[in-house]
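Structure first, commentary second.
Values quoted throughout were computed directly from the atomic coordinates according to the rules given, and no laboratory measurement underlies them. Since this is a predicted model, take the numbers as computed values, not measurements. Reconstructed Cβ throughout: ideal geometry from the backbone, glycine too, with neighbour counts over all protein chains shown.
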Amino acid sequence: MVEQDDSYDFRPVTEKDLPMIARWLAAPHIAEWWDDPQKEIAEIREHIDSVSVEPLIVELDGRPIAYLQSYDPHLEDDHPYADQPFGTLGIDLSIGPPDLVGIGHGSAIVRQFVEALFEEGAPRVIIDPHPDNGRAIRAYEKAGFRPIGRRRSEYGDVMLMAVDAAESDEEEGN
């Protein structure tokens, strides 16, 4: 279970992380929601030096536990989420070790990361789990996201979810 004082560290993905991420992507709890691991690793490798996508490793007590990426849908031509308000950032999360899935890390990681994005000025953060991925949808709802619509795009069938900085401020009583 996630401890109240758990805090996550986010660091850039390096070339040395790719074999670990590839193992995670091949694990059944992730493989069911991501494309072919080799194709995904090639894209993550490209993102290491990208301006539109920031690939990150999430660490807990120095242990890598998840892959997270944030992206700006307005920096890619014809991105399916470019209709979101300017400044919106998207995120994707996959928890690597199967024993850490379903115990609260997903919503805690997302909540902490989203707060940092809001502090940096993002007005909205979006996430797009597959509509059948109930576990992810529940985790994101716990982190404050709400469904804003189902979409089909080159990324497949998704439930687009969002949380706005203004909503976050209201929850904190500001």
What net charge do the residues around residue 14 carry, taking every other residue with its C-beta under 12 Å from that of residue 14, with Lys and Arg at +1 and Asp and Glu at -1?
0
Sparsely packed GluC sites (Glu not before Pro) within the range 1-91, loop by DSSP, other Cβ within 10 Å at most 15:
3, 32, 76
Which chymotrypsin sites (Phe, Trp or Tyr not before Pro) in the range 56-149 pass both tests, a DSSP loop state and at most 14 other beta-carbon atoms within 10 Å?
86
Classify the range 36-130 from the C-alpha gyration tensor, please: rounded if a/c falls under 1.5, else prolate or oblate depending on whether a/b exceeds b/c.
oblate
Determine ³J(HN,Hα), in whole Hz, for all residues of the range 36-41 in sequence, where each value follows from phi through the Karplus function 6.51 cos²θ - 1.76 cosθ + 1.60 and θ = phi - 60°; x replaces Gly and Pro.
3, x, 5, 5, 5, 4
Under the Karplus relation 6.51 cos²θ - 1.76 cosθ + 1.60, θ = phi - 60°, what is the ordered set of whole-Hz ³J(HN,Hα) values for the range 83-88, x standing for Gly and Pro?
7, 6, x, 4, x, 4
Which of the GluC sites (Glu not before Pro) across the range 119-149 are loop residues per DSSP, with 15 or fewer other Cβ within 10 Å?
120
With +1 at each Lys and Arg Cβ and -1 at each Asp and Glu Cβ, the charge dipole magnitude of the chain around its Cα centre, to the nearest 20 debye, comes out at 540
Between the modelled labels at residue 99 and residue 112 (7 Å from Cα along Cα→Cβ) the distance in nm is 2.0
Relative contact order (%) - the chain, alpha-carbon pairs under 8 angstrom, separation at least six:
18
For the chain, whose charge dipole is built from +1 on Lys and Arg Cβ atoms and -1 on Asp and Glu Cβ atoms, the candidate among 98, 69, 118 with its Cα farthest towards the positive end is 98
Which shape class, rounded, prolate or oblate, goes with the chain when its Cα gyration tensor gives a ≥ b ≥ c as root eigenvalues, a/c under 1.5 marks rounded, and past that a/b bigger than b/c marks prolate?
rounded
Separation of the residue 52 and residue 10 label points, Cα + 7 Å toward Cβ, nm
2.0
Could you check which residue among 90, 144, 134 shows the biggest mean-square fluctuation in a GNM of the chain with a 10 Å Cα cutoff?
134
Please list 3J(HN,Hα) in residue order for the range 96-101, calculated via the Karplus relation 6.51 cos²θ - 1.76 cosθ + 1.60 where θ = phi - 60°; whole Hz, with x for glycine and proline.
x, x, x, 6, 9, 8
Using r as the Cβ-Cβ distance of residue 35 and residue 86, and R0 as 30 Å, what FRET efficiency do you calculate, to the nearest 0.05?
0.55
Simple SL model, points at 7 angstrom along Cα→Cβ for residue 157 and residue 45; separation in nm is 3.2
